[in-house]
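Trainee: Take this structure first; my questions come after.
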Amino acid sequence: MTGTERAASPARQESLRELNLELVFRHVLAAERPISRTELASVTGLTRPTITRIVEELIAGRLVTETGSARDGRAGRPRVGLILSRSGPAGLGLDIRADGLAACVVDLTGTVRHLAFAPFAFADAEPAAVMGRLAAMASAAVEAVAAERLTVVAVTLAVPGPVDKGVVRSAPALGWADVDAGSLLRSGLGHLDLPITVDNEANLAAHGELHATRGELDNFVYVSGGLHIGAGIILDGRLVRGSRGWSGELGHVTVDPEGRRCPCGSRGCLQTYASPQALLGDSPAPAGTMPELAVTTRADEGDAATLAAIDEAGTALGVALSNVLNILDIGTVLLGGGFALLSSWVTDRVEDEIARRVLSAAWAPVAVRPAILGPDAAAIGAALSFIDRLRLDPAAWLASQR
Ligand SMILES: [Zn+2]
């Protein structure tokens, strides 16, 4: 028995049990290969009987499952390995994109188990109509994965703008200001009593990308494009949210103080050079087409105005990113969302500006490359948020399963 266990009074047994549960579950979550009970005892400092009891609880609660064998060190004999369950709790992510709405469910292993997309015309759409449609997609997703023994435990909505306690403060691309998206979604979900979080899409997409690049990258700036040009900043493996969660509004970094008027009220913001509207000029994308796809089609056809607009957008993006990189000392830029589609057109321009403007680039070149997850990054990152919640309190889920 460890010292902590011996010291616990009966009144504190329950919280001690919860702490030990959290500790063991955290190690299974972090393990990159099946982990054995013996290894768990060794890394947590808990006794073997305690580990056995906790693992039993985790297996009964569908958080963990047994797999083939895990070898304990070179000399050890093979033992049964433990991995995360693919049939327990799951997270639901919703995203409002330039071309429509997306719903995504991931399981504990981070695997996407459901992905649905619905084209949606945002022009003149009331927030209630958008959220009603999303709520219907959410209900369908919850039902679809229930057939695979997955239980959705949390809903996270990605929105193109800064959010304050569920309220979208500003999403100029949607024409939204102070829209209580959280409450609208809650009333649309009706009978489904699930915790709802609303967050900025660039933050959530960066979170998804961090998960997808597991172990490989822990410092990067993720740039999202589309309805909202935003940046999700990952420093030392953690998302930098700012003091109020509003960091990363890259679209409103000033590129030219005397430039064009931005819907935010300022002038010369990156958004005025690199938004889909700026790239498409006077002829919008056909309904249901991602604006960036329309842009690349025109560029492939050699349309001179589109090529000039792309050059200007790439340069403006490089200037804005240089300001960020000079301050934060980050060596990798991931072009995501709509910019992932445009990356082959804009990367050279972005790199040129960074090479010219970032002081450290002379001896430590900054890597600029497309993000891994493509247009679904925000929906996937939103869905993955449930894992952080569960990591902190697996006991709450286990209690709900009794
Ligand atoms: Zn602006």
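The values are calculated or read from the model by the stated rules, or taken from the named source; none is laboratory data. Model, not experiment: these values are computed from the prediction. Cβ sites come from the backbone with ideal geometry, for glycine too, and all protein chains shown count toward neighbours.
Trainee: Return the residues of region 256-270 that are more than 7 Å from the ligand (Cβ to nearest atom), in contact with a helix residue (DSSP H, G or I) (Cβ under 7 Å, 6 or more places away or on another chain) and not charged (D, E, K, R); say none if nothing qualifies.
Mentor: Within region 256-270, Gly259, Leu270 meet the criteria.
Trainee: Now for a separate question. If you go through region 322-337 one residue at a time, do you hit one that is of a type outside the set (Val, Ile, Thr), surrounded by 14 or more Cβ atoms within 10 Å (Cβ to Cβ) and within 16 Å of the ligand (Cβ to nearest atom)?
Mentor: Taking every residue of region 322-337 in turn, at least one turns out to be of a type outside the set (Val, Ile, Thr), surrounded by 14 or more Cβ atoms within 10 Å (Cβ to Cβ) and within 16 Å of the ligand (Cβ to nearest atom).
Trainee: Still on this model: Is it the case that some residue within region 306-315 is in the same structural domain as Leu270 (by TED's automatic domain parsing), farther than 30 Å from Phe120 by Cα and in a helix (DSSP H, G or I)?
Mentor: Of the residues in region 306-315, the ones in the same structural domain as Leu270 (by TED's automatic domain parsing) are 306-315.
In the following step, the residues that additionally are farther than 30 Å from Phe120 by Cα were identified as 315.
Now drop any that are not in a helix (DSSP H, G or I), which leaves 315.
Within region 306-315 (the criterion being in the same structural domain as Leu270 (by TED's automatic domain parsing), farther than 30 Å from Phe120 by Cα and in a helix (DSSP H, G or I)), the answer is yes, since at least one residue qualifies.
Trainee: Tell me whether region 237-247 contains one or more residues that are surrounded by 17 or more Cβ atoms within 10 Å (Cβ to Cβ) and either in a helix (DSSP H, G or I) or over 19 Å from the mean Cα position of the chain (by Cα) (or both).
Mentor: Taking every residue of region 237-247 in turn, none turns out to be surrounded by 17 or more Cβ atoms within 10 Å (Cβ to Cβ) and either in a helix (DSSP H, G or I) or over 19 Å from the mean Cα position of the chain (by Cα) (or both).
Trainee: Which of the residues belonging to region 39-64 are in contact with a strand residue (DSSP E or B) (Cβ under 6 Å, 6 or more places away or on another chain) and either of a type in the set (Val, Ile, Thr) or surrounded by fewer than 16 Cβ atoms within 10 Å (Cβ to Cβ) (or both)?
Mentor: The answer is Val64, and nothing else.
Trainee: Also, I was wondering about something else. In the set Arg391, Arg356, which member is closer than 30 Å to Val24 by Cβ and in a helix (DSSP H, G or I)? Walk me through how you get there before you give the answer.
Mentor: Working: Arg356 fails: closer than 30 Å to Val24 by Cβ.
On inspection, the qualifying residue turns out to be Arg391.
Trainee: What are the pairs with Cβ atoms under 7 angstrom where one residue, in region 249-265, is among the acidic types (Asp, Glu) and the other, located anywhere, is near the ligand (Cβ under 10 Å from one of its atoms) and in a loop (DSSP other than H, G, I, E, B)? Sequence gap at least six, or different chains.
Mentor: Asp256/Gly268; Glu258/Gly268
Trainee: Same structure again: All but one of (1) part of a loop (DSSP other than H, G, I, E, B); (2) of a type outside the set (S, T, N, Q); (3) touching a residue at least 12 places away in the same chain (Cβ under 8 Å); (4) surrounded by fewer than 19 Cβ atoms within 10 Å (Cβ to Cβ) hold for Ala173; state the number of the condition that does not hold.
Mentor: Condition (4) is where Ala173 drops out.
Trainee: If you don't mind, another one. Where residues in region 261-298 are assigned to a helix (DSSP H, G or I) and of a type in the set (D, E, K, R), which of them is surrounded by the fewest Cβ atoms within 10 Å (Cβ to Cβ)? Break it down stepwise before answering.
Mentor: Step one: list which residues in region 261-298 are assigned to a helix (DSSP H, G or I), which gives 271-274, 276-280, 291-298.
From what is left, the residues that are of a type in the set (D, E, K, R) are 292, 298.
Details: Glu292: 24, Arg298: 21.
Per the stated criteria, the residue is Arg298.
Trainee: Next up: Could you run through region 180-211 and say how many residues are under 20 Å from Arg169 (Cα atoms) and of a type in the set (A, V, I, L, M)?
Mentor: Of region 180-211, the ones under 20 Å from Arg169 (Cα atoms) are 180-187, 196-205.
Filter once more, so that each one left must be of a type in the set (A, V, I, L, M): 181, 184-185, 196, 198, 202, 204-205.
Qualifying residue count for the region: 8.
Trainee: Tell me, which residue of region 176-200 that is under 19 Å from the mean Cα position of the chain (by Cα) and in a strand (DSSP E or B) is farthest from Val142 (Cα to Cα)?
Mentor: Selected residue: Asn200.
Trainee: Right, next: Which ones in region 271-296 are free of Cβ contacts under 8 Å to residues at least 40 places away in the same chain and within 11 Å of the ligand (Cβ to nearest atom)?
Mentor: Thr272
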